[in-house]
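Everything below concerns the one structure shown next.
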Amino acid sequence: MPDTEPTQTPYEALGGRPVIERIANRFYDLVETDPQYAELRAMHAGDLTPIRRSLAGWLTAWAGGPHDWFVENRGKCMMSAHRGLGVSAQTARQWSDAMARAIAECGPTNTDAGRALGLMMAERLDMMANAMIPHPEETGDLAAAE
Ligand code: HEM
């Protein structure tokens, strides 16, 4: 048996479920109230309660916490789930911006490692959001993109 402490998951280093829930709720509070995210808000259902819960569950599993979200949503792929939603460069940027703010406000800020983890999370999520923008080949806009 190794005599070192097991490595913390990002979920644990963040502060676990309470911190993830604060991030998800702050994210949707910003999307709901800040006019700079109006286009992103308009894409969503009127009641954001279910998606607040879903995002917290997904982030929990993604960061290495309990996998309940994946058990409840067996076979669901976050990338495929967004394919038909009409994500654009503008709305992907709004998503990433609101998420970076939510993480900066609610994630760990008291240590360098905590701040670095928050920045890394925001960066990875931004990469995912950008990858959700359909390629011109998928939308049939190839000629327009050339
Ligand atoms: C890393 C990037 C993203 C993550 C982790 C994420 C996460 C989620 C989650 C967990 C759901 C709920 C799925 C469900 O419960 O079935 C969802 C739905 C949705 N997402 Fe995302 N999302 C991301 C990026 C985006 C972007 C870039 C946009 C728009 C530009 C977007 C727009 C939507 C919309 C419109 C819904 C459906 C909401 C509704 O029905 O009210 N998402 N997303």
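The values are calculated or read from the model by the stated rules, or taken from the named source; none is laboratory data. For clarity, every value in this text was computed on a predicted model and none was experimentally measured. All Cβ positions, even for glycine, are placed from backbone atoms using ideal geometry, and neighbour counts span all protein chains on display.
State the number of residues belonging to segment 94-119 that are in contact with a helix residue (DSSP H, G or I) (Cβ under 8 Å, 6 or more places away or on another chain) and either β-branched (Val, Ile, Thr) or within 14 Å of the ligand (Cβ to nearest atom) (or both).
10
Is it the case that ARG52 is modelled with pLDDT of 95 or more, within 12 Å of the ligand (Cβ to nearest atom) and among the basic types (Lys, Arg)?
Values: modelled with pLDDT of 95 or more: yes; within 12 Å of the ligand (Cβ to nearest atom): yes; among the basic types (Lys, Arg): yes.
For ARG52, the condition - modelled with pLDDT of 95 or more, within 12 Å of the ligand (Cβ to nearest atom) and among the basic types (Lys, Arg) - is met.
For segment 64-109, name all the residues that are of a type in the set (S, T, N, Q) and surrounded by 15 or more Cβ atoms within 10 Å (Cβ to Cβ).
Once the filter is applied, which keeps residues that are of a type in the set (S, T, N, Q) and surrounded by 15 or more Cβ atoms within 10 Å (Cβ to Cβ), segment 64-109 yields ASN73, SER88, THR91, GLN94, SER96.
Considering every residue within segment 69-83, establish whether at least one is touching a Gly at 6+ places or on another chain (Cβ under 7 Å), modelled with pLDDT of 95 or more and more than 8 Å from the ligand (Cβ to nearest atom). Before the answer, list the steps.
First, the residues of segment 69-83 that are touching a Gly at 6+ places or on another chain (Cβ under 7 Å): 69.
Going one step further and asking which of them are modelled with pLDDT of 95 or more, we end up with 69.
Adding the requirement that they be more than 8 Å from the ligand (Cβ to nearest atom) leaves none.
No, segment 69-83 contains no residue that is touching a Gly at 6+ places or on another chain (Cβ under 7 Å), modelled with pLDDT of 95 or more and more than 8 Å from the ligand (Cβ to nearest atom).
ASP34 - would you say it is over 25 Å from THR9 (Cα atoms) and modelled with pLDDT of 95 or more? Before you say what the answer is, go through the steps one by one.
Working: over 25 Å from THR9 (Cα atoms): yes; modelled with pLDDT of 95 or more: yes.
Against the criterion (over 25 Å from THR9 (Cα atoms) and modelled with pLDDT of 95 or more), ASP34 qualifies.
Being within 14 Å of the ligand (Cβ to nearest atom) and of a type in the set (Gly, Ala, Ser) narrows it down to one of GLY15, GLY46, GLY64, so name that one. Spell out how you get there, then give the answer.
Working: GLY15 fails: within 14 Å of the ligand (Cβ to nearest atom); GLY64 fails: within 14 Å of the ligand (Cβ to nearest atom).
Going through GLY15, GLY46, GLY64 in turn, the sole match is GLY46.
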